[in-house]
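Participant: The structure follows.
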């Protein structure tokens, strides 16, 4: 039997103040640099809550023109969907972001990080960021899909 040559995988529990036996666990291969603002992987067991692609509509159906305002509203909308499924931001295991302008995203990292922490707190699930030509709603600058696992 051969031994794999890949990196050893570490499973890091959430901080003690947040951890419970059923909390999602961060997966961080040993020797890899620590990611900033996301996790390389998450392990979780429980009930799945999945959103569709969520954009920054407000309750009246208006979409802000500003990119950061759209992200903030999108994250708030995801939080509301999670609540409908009896989930909280700390149950998030994956976010996939679709943006129409990567440079706009990169130019606003600090403000986006603050908006994220204001809504979701210090929990960072596995994330992917993809630039797309456009979104279905023409004025949308960002769309995010979320997956959460609620402990049983």
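Participant: Between the helical axis of 67-84 and the dominant principal axis of the chain, each derived from Cα atoms, what acute angle in degrees is found, rounded to the nearest 10?
Facilitator: The angle comes out near 60 degrees.
Participant: Could you tell me the calculated FRET efficiency between residue 114 and residue 40, based on Cβ-Cβ distance and R0 = 22 angstrom, to the nearest 0.05?
Facilitator: 0.45
Participant: Place the peptides 95-108, 23-36 in order of packing, highest mean first, counting for every residue the other Cβ atoms within 10 Å and averaging per peptide.
Facilitator: 95-108, 23-36
Participant: Take every DSSP beta bridge whose two residues both sit in the chain, then give the antiparallel share in percent to the nearest 5.
Facilitator: The antiparallel fraction comes to roughly 75 percent.
Participant: Next up: Quote the relative contact order of the stretch 46-150 in percent (integer), defining contacts as alpha-carbon pairs under 8 Å separated by 6+ residues.
Facilitator: 46
Participant: Here is a follow-up. Mean projection of the alpha-carbon convex hull of the chain over all orientations, in nm²?
Facilitator: Mean projected area of the Cα convex hull: 11.2 nm².
Participant: So between residue 139 and residue 48, what do we pick up on full extension, going 0.36 nm a residue minus the alpha carbon distance?
Facilitator: 29.7 nm
None of the figures in this text is laboratory data; all of them are computed from the coordinates on show. Just so it is clear, the structure is predicted and the values come from calculations on it, not from any experiment. Cβ sites come from the backbone with ideal geometry, for glycine too, and all protein chains shown count toward neighbours.
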